[in-house]
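Shown next, in structure tokens, is the structure this report addresses.
What follows draws every value from the coordinates through simple rules; no lab data is involved. These numbers were taken from a predicted model, which means no experiment stands behind them. Note that we place each Cβ from the backbone using ideal geometry, even for glycine, and neighbour counts take in every protein chain shown.
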Amino acid sequence: MRLVWRRVPANEFNYELVWLAVSVAAAVFGSIWLRLGLPTPHCPFLEITGYPCLTCGATRCAIALTHIDFAQAWRWNPLAFAALCGLGLFNLYAAIVLLGRLPRLRTIDWTRAQKIAVRIAVVVLIIVNWIYLLAHHTQY
């Protein structure tokens, strides 16, 4: 696997534009939802089983992040916290390359072993996060 900076050809999918637009739209939608005082969604898995699902606490994590309460955001869902922080960094990168019309960062030449290793790492992270959520589920 290699990281390269390159210009985006006209026919290539513009990941930066699409994901920046999606995340900004989600943030605006979420802000409007909360400003209107609408109820936050409840987890049906938690209500049925009494145990948190893989993403339990992600909404509360996002709300804690908007209040700059990093410690509470981490406690709600560490993986959601890391993903939202990563999304924030990606959005910053996307805004810079879009506004500056700069080359984009791309990963190329993935080997089969690297793809498998990344998939295994993602599954392990999800399982470890779920174990954390199960161990701390009394806070829900």
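Summary table below
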read-out: Local electrostatic count at Phe90 - Lys and Arg +1, Asp and Glu -1, tallied over other residues with Cβ under 15 Å; value: +1
read-out: Within the chain, helix-based [θ] at 222 nm, where runs of 4 or more DSSP H residues each add -39,500 (n - 2.57), nearest 500; value: -21000 deg cm²/dmol
read-out: Stretchable slack from Arg7 to Ile126, in nm (0.36 nm times residue separation minus alpha-carbon distance); value: 39.5 nm
read-out: Inter-label distance for Val24 and Leu98, nm, one decimal - labels placed 7 Å from Cα along Cα-to-Cβ; value: 0.5 nm
read-out: Long-range HN-HN contacts of Cys53 with modeled amide H, under 5 Å; value: Leu46
read-out: Long-range HN-HN contacts of Arg104 with modeled amide H, under 5 Å; value: Arg6, Arg7, Val8
read-out: Listed peptides 69-75, 1-7, 11-17 by packing density, highest first (mean Cβ within 10 Å); value: 69-75, 11-17, 1-7
read-out: Histogram of C-alpha separations across the chain, 5 Å bin width, %; value: 2, 8, 13, 16, 17, 16, 13, 9, 5, 1, 0
